[in-house]
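The values are calculated or read from the model by the stated rules, or taken from the named source; none is laboratory data. The structure presented is a predicted model; accordingly, all values stated were derived computationally and were not measured. Counting neighbours? That spans all protein chains shown, and the Cβs are built from the backbone with ideal geometry, glycine included.
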Amino acid sequence: MGRPHLVFFLLLFRLVGVGGEEYVVATYNVENLFDAVEDGAEYDEFRPSSFWTEEKVLVRLEAVSRVVRSLDADVLILQEVENERVLGRLVSGYLADAGYRWHFLPEEEGAVHVAVLSRIPVEGVRVHALKDPRVAVLRSVVEVEYRLGGEQVFLFGVHLISRAGPAWRDEIRRNQLFLIARRLEEIRRTAPGAHVLVGGDFNMEADEVETFFDRALFPQDVHSVWSMMVPGTMPSGSYWYEGRWERIDGFFFTEGLRDGVGLDVTGGEVMAFPWLLDERGRPWSWDMGTGSGYSDHLPVKVILTDLTRMK
């Protein structure tokens, strides 16, 4: 288990939601946010000895911050962030007035990591790491504990191993999900009544993830935010691959978040801002050469509402 790097900023922050009734949580794969310091773990193309420069870093930070500001999420899970150094630059230099008092990512090996930005006070942080001899480094799962509307909520931020490569990587993805399912079972036993929200880039279709949790050794009754979206009102996926949309980014939540009592998931959306799309209506991927574009993924958000405080 890795040690999370947790940073506090003394900034004023927005009160969450209207009358404290609504919380927005989002996930966004930024497609490689690197700084210009060569540490040795970065991808070759993001080394200053290649052609990655501080000027390109500034353009990249500006692009990512535009998306983050537009999402206006109370909690944001980011994937593919290099390290705490570049995350700190994003938060303190480009999002200083956005209210993200808490930000953190695991201190671990690897080129990119999962990060979490939060306006909401954090009750606790854990990092869950899976080891497999076939892979040098696997991205850890970040767990953040909150108290929302007086209810205990555990948020998991994930970025499962890529589908590129040998077929045995499918097994590793299932093992990563099993790690989460086992922790969900532990929460169910030790914190009855607590809610769980799992979000991120799963590199698996949403229905595959949902089926896995249903059939796991520790079966979990989870639901996908994709099931709450109205067909035809937005892109039918968050990622365009081989000629079709895929639902590999998103959120899954436990039964207590849809029972009509207290805190509930009341909506979800693919955040397809027009400027995030190319001329074909697909995600406008970041182009290192020109400095244009944003990411090959679209952000996805989920809305949690405290029904006991609805007017």
Residue check, MET229 at pLDDT below 90 and not basic (Lys, Arg): yes
Hits in the stretch 288-307 (condition: outside any strand (DSSP E or B) and not small (Gly, Ala, Ser)): MET288, THR290, TYR294, ASP296, LEU298, PRO299, LEU307
From MET229, MET234, residue being over 19 Å from LEU76 (Cα atoms) and crowded, with 19+ Cβ neighbours inside 10 Å: MET229
Pairs, first farther than 17 Å from GLY157 by Cβ in the stretch 93-105, second among the hydroxyl-bearing types (Ser, Thr, Tyr), C-beta under 7 Å, six or more apart: TYR94/SER65; LEU95/SER65
Criterion violated by GLU279 - all others in (1) part of a strand (DSSP E or B); (2) without any contact (Cβ under 8 Å) to a residue 60 or more places away in the chain satisfied: (1)
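Select, from GLU171, GLU242, GLU186, the only residue that is surrounded by fewer than 17 Cβ atoms within 10 Å (Cβ to Cβ), out of contact with any strand residue (DSSP E or B) (no Cβ under 8 Å at 6 or more places or on another chain) and modelled with pLDDT of 95 or more.
Criteria check complete, one pass: GLU186.
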Any hit, the stretch 274-296, residues being of a type outside the set (A, V, I, L, M, F, W, C), at pLDDT below 95 and on the phi > 0 side of the Ramachandran plot: yes
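Kindly evaluate LEU61 against the criterion of being touching a Leu at 6+ places or on another chain (Cβ under 6 Å) and either at positive phi or assigned to a helix (DSSP H, G or I) (or both).
yes
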Elements of type strands (runs of 3 or more DSSP E) contained in the stretch 152-266, each with 3 or more residues being within 20 Å of VAL24 (Cβ to Cβ) and in contact (Cβ under 8 Å) with a residue 60 or more places away in the chain: 195-201, 249-254
Selected residue (criterion: surrounded by the fewest Cβ atoms within 10 Å (Cβ to Cβ)) from residues of the stretch 109-121 that are touching an Asp or Glu at 6+ places or on another chain (Cβ under 7 Å) and over 17 Å from ASN203 (Cα atoms): ALA111
Residue in the stretch 38-50 that is at pLDDT below 95 and within 24 Å of GLY199 (Cα to Cα) present: no
Single unsatisfied condition, GLU145 versus (1) surrounded by fewer than 18 Cβ atoms within 10 Å (Cβ to Cβ); (2) in contact (Cβ under 8 Å) with a residue 12 or more places away in the chain; (3) in a loop (DSSP other than H, G, I, E, B); (4) of a type outside the set (Lys, Arg): (3)
Residue check for ALA206: at pLDDT 95 or above, farther than 14 Å from PHE251 by Cα and of a type in the set (Gly, Ala, Ser): no
Tally of residues being among the acidic types (Asp, Glu) and within 22 Å of GLU21 (Cα to Cα) across the stretch 265-311: 2
Residue match in the stretch 93-100 (condition: modelled with pLDDT of 95 or more and buried (at least 23 other Cβ atoms within 10 Å of the Cβ)): yes
Of the criteria (1) touching a residue at least 24 places away in the same chain (Cβ under 8 Å); (2) in contact with a strand residue (DSSP E or B) (Cβ under 9 Å, 6 or more places away or on another chain), which one TRP284 fails: (1)
Long-range neighbours under 6 Å by Cβ, at least six apart or interchain, first residue touching a residue at least 24 places away in the same chain (Cβ under 8 Å) within the stretch 117-140, second among the acidic types (Asp, Glu) and exposed (fewer than 15 other Cβ atoms within 10 Å of the Cβ): VAL137/GLU109
